[in-house]
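Take a look at the structure set out below.
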Amino acid sequence: WYWQKEKREPYVKFMDTNYPPGFSYEDFGPLFTAEFFDANQWADILKASGAKYVVLTSKHHEGFTLWGSKYSWNWNAVDVGPKRDLVAELATSVRNRTDLHFGLYHSLFEWFNPLFLEDATNAFKTRKFPTSKSLPELYEIVTKYQPEIIWSDGDGNAPDTYWNSTGFLAWLYNDSPVRDTVVTNDRWGAGSICAHGGFYTCSDRYNPGHLLAHKWENCMSIDRSSWGYRRDARLRDYLAIEDLVKQLAETVSCGGNLLMNIGPTHDGRIAVVFEERLRQVGAWLKVNGEAIYGTKPWRAQNDTVTPGVWYTFSPKEGKVNAIFLNWPVSGTLELGEPRPKLGETQVKLAGYKELLKWVALGEKGMVIALPQLTPQQLPCQWGWTLKLTDVN
């Protein structure tokens, strides 16, 4: 898009310098080889991350499908490049080796597809592209791979009536093989984002910082400036584990899910830096997962007195979880929101056995004495959870 449509100078220059004259985007097809792709290894890394679902980009805006689609002749991973059905391989491994829900991302439109461009020229009064390419592909991936999440994207500024989104969704929820399990997002045509759908995404890297009335998802990328793999990325371009824990705590406290993107390489690897981040999040969740999994938003999302404290509520145990991102120098943490009850309220630190001492601050609020621990004794390194029982 930057190279061929917007003709941005660094991209045009890079292609001119490093590729033969007349090299087209299609010529990249055979260079996408995936020789190191090991679906079992991917599944094991995904499982170690503590994630509950995974969404694979089955087709992006350039139309290349990672399965052997009969509607994308000679422009798919089975006919060109890897000569493998990457969707099938990952679906099988995820289902055999993990308890993650398997989902598929699918772009509705394609930047340079002649049929789409023709429909766009006709102000979407003709529907050649959705009827011959986009919709058949959607039916194909649902029937073939039975994904439990359909993550639709890219409406090309066309309305949902052009895409016949409601027709497809009616089939998906009533007659498809995943009708009892599937969930969908909100990108089904111009104007549907953040207004219609199973869960709202609203925009990329969406993190409102306050409670939303509808289930939502913060889809963001570990690389601050790309959704793909960048060979020229610097370490500072990647979010650190502290940033990811902060995003997770903020998102879940406001009723959202976190969808954390990684960009694999052309030869099929999850780069080591992404693997490390995923495993770090998994290690954090091993200690603090009770404050994330199966929780609901509490009456307050963040603390009014101490910044960097985010709340979630565990309905089964009736516990309030306070995730704090900075360990206080004083060794005491003041919380302005909880209303503790003398003799009843108990405070525990996730990953630490003893009960913690606390004092009430009038009607509302409390000061909690944190245990004196060496860095090695801390239950984790980047954000901690206080579990409060019997607070009003």
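The values are calculated or read from the model by the stated rules, or taken from the named source; none is laboratory data. The model shown is predicted, which means the values in this text are computed figures rather than measured ones. Heads up, the Cβs are rebuilt from the backbone with ideal geometry, glycines too, and the neighbour counts pull from every protein chain shown. Quick note on the areas: whole protein, heavy atoms, side chains included, nothing else; ligands and nucleic acids left out. Shrake-Rupley method; radii C 1.70, N 1.55, O 1.52, S 1.80 Å.
Solvent-accessible area assigned to carbon and sulfur over the chain amounts to 53 percent, based on a 1.4 Å probe. For the chain, the fraction of C-alpha pairs farther apart than 32 angstrom is 42 percent.
Nearest 20 debye, what's the magnitude of the dipole of the range 1-97 about its Cα centre given +1 on Lys and Arg Cβ and -1 on Asp and Glu Cβ?
Result for the range 1-97 is approximately 400 debye, rounded to the nearest 20.
Relative contact order for the range 296-389: 30 percent, from Cα pairs under 8 Å spaced at least 6 residues apart, divided by residue count.
Structural descriptor for the chain: relative contact order 12 percent, calculated from alpha carbon pairs under 8 angstrom and at least 6 residues apart. Reported to the nearest whole Å, the Cα centre-to-centre distance from the range 209-285 to the range 1-51 is 20.
Work out the charge dipole of the range 9-291 with +1 on the Cβ of Lys and Arg and -1 on the Cβ of Asp and Glu about the Cα centre, then indicate which of ILE141, SER24, SER176 is farthest towards its positive end. The residue sitting most towards the positive pole is SER176.
For LYS144, a cut-off of 12 angstrom between C-alpha atoms picks up these aspartates and glutamates, skipping any fewer than 8 places away in its own chain: ASP85. Positive end of the dipole of the range 258-318 (Cβ unit charges, origin at the Cα centre): among PHE313, THR265, ILE292, the Cα lying farthest that way belongs to PHE313.
Build a GNM of the chain with springs between Cα atoms under 10 Å apart, and of THR251, THR57, THR65 the one that fluctuates most is THR57. Please give the charge dipole size of the chain, origin at the Cα centre, charges +1 on K and R Cβ atoms and -1 on D and E Cβ atoms. Round to the nearest 20 debye. Once rounded to the nearest 20, the dipole reads 720 debye. Run the lone-cysteine check on the chain: no other Cys C-beta under 4.7 Å from the residue's C-beta. By the Cβ distance rule, which asks for a partner under 4.7 Å, the isolated cysteines are CYS219, CYS254, CYS380.
To the nearest ten degrees, helix 241-253 and the longest principal axis of the Cα atoms of the chain are 80 degrees apart.
What angle, in degrees between 0 and 90 and rounded to the nearest 10, separates the Cα long axis of helix 272-288 from the longest principal axis of the Cα atoms of the chain? Helix 272-288 sits roughly 40 degrees off the main axis of the chain.
Solvent-accessible surface of protein heavy atoms, probed at 1.4 angstrom with all chains present, puts ASP79, ASP223, ASP16 in the order ASP16, ASP79, ASP223, largest first.
Backbone geometry of the range 194-205 corresponds, through the Karplus equation with coefficients 6.51, -1.76 and 1.60 at θ = phi - 60°, to 3J(HN,Hα) couplings of 6, 10, 9, x, x, 10, 8, 10, 6, 6, 5, 6 Hz, x marking Gly and Pro. Taking only alpha carbon atoms, the range 15-143 gives an Rg to Rh ratio of 1.03, where Rh is the Kirkwood radius. For the chain, the mean residue ellipticity at 222 nm estimated from helices alone is -7000 deg cm²/dmol, where every DSSP H run of n ≥ 4 contributes -39500 (n - 2.57) and the total is divided by all residues, rounded to the nearest 500. Placing unit charges on the Cβ atoms only, positive for Lys and Arg and negative for Asp and Glu, gives the range 189-263 a dipole magnitude near 120 debye about its Cα centre.
Relative to the longest principal axis of the Cα atoms of the chain, helix 165-174 runs at roughly 60 degrees. The 3J(HN,Hα) values that the Karplus relation (6.51, -1.76, 1.60; θ = phi - 60°) gives for the range 377-392 are, in residue order, 7, 4, x, 7, 9, 9, x, 9, 10, 9, 9, 10, 10, 6, 10, 5 Hz. Gly and Pro appear as x. Packing, taken as the mean count of other beta carbons within 10 Å per residue, orders the peptides 114-125, 291-302 from highest to lowest as 291-302, 114-125.
With the whole protein complex present, PHE112 retains an accessible surface near 90 Å², based on a 1.4 Å probe.
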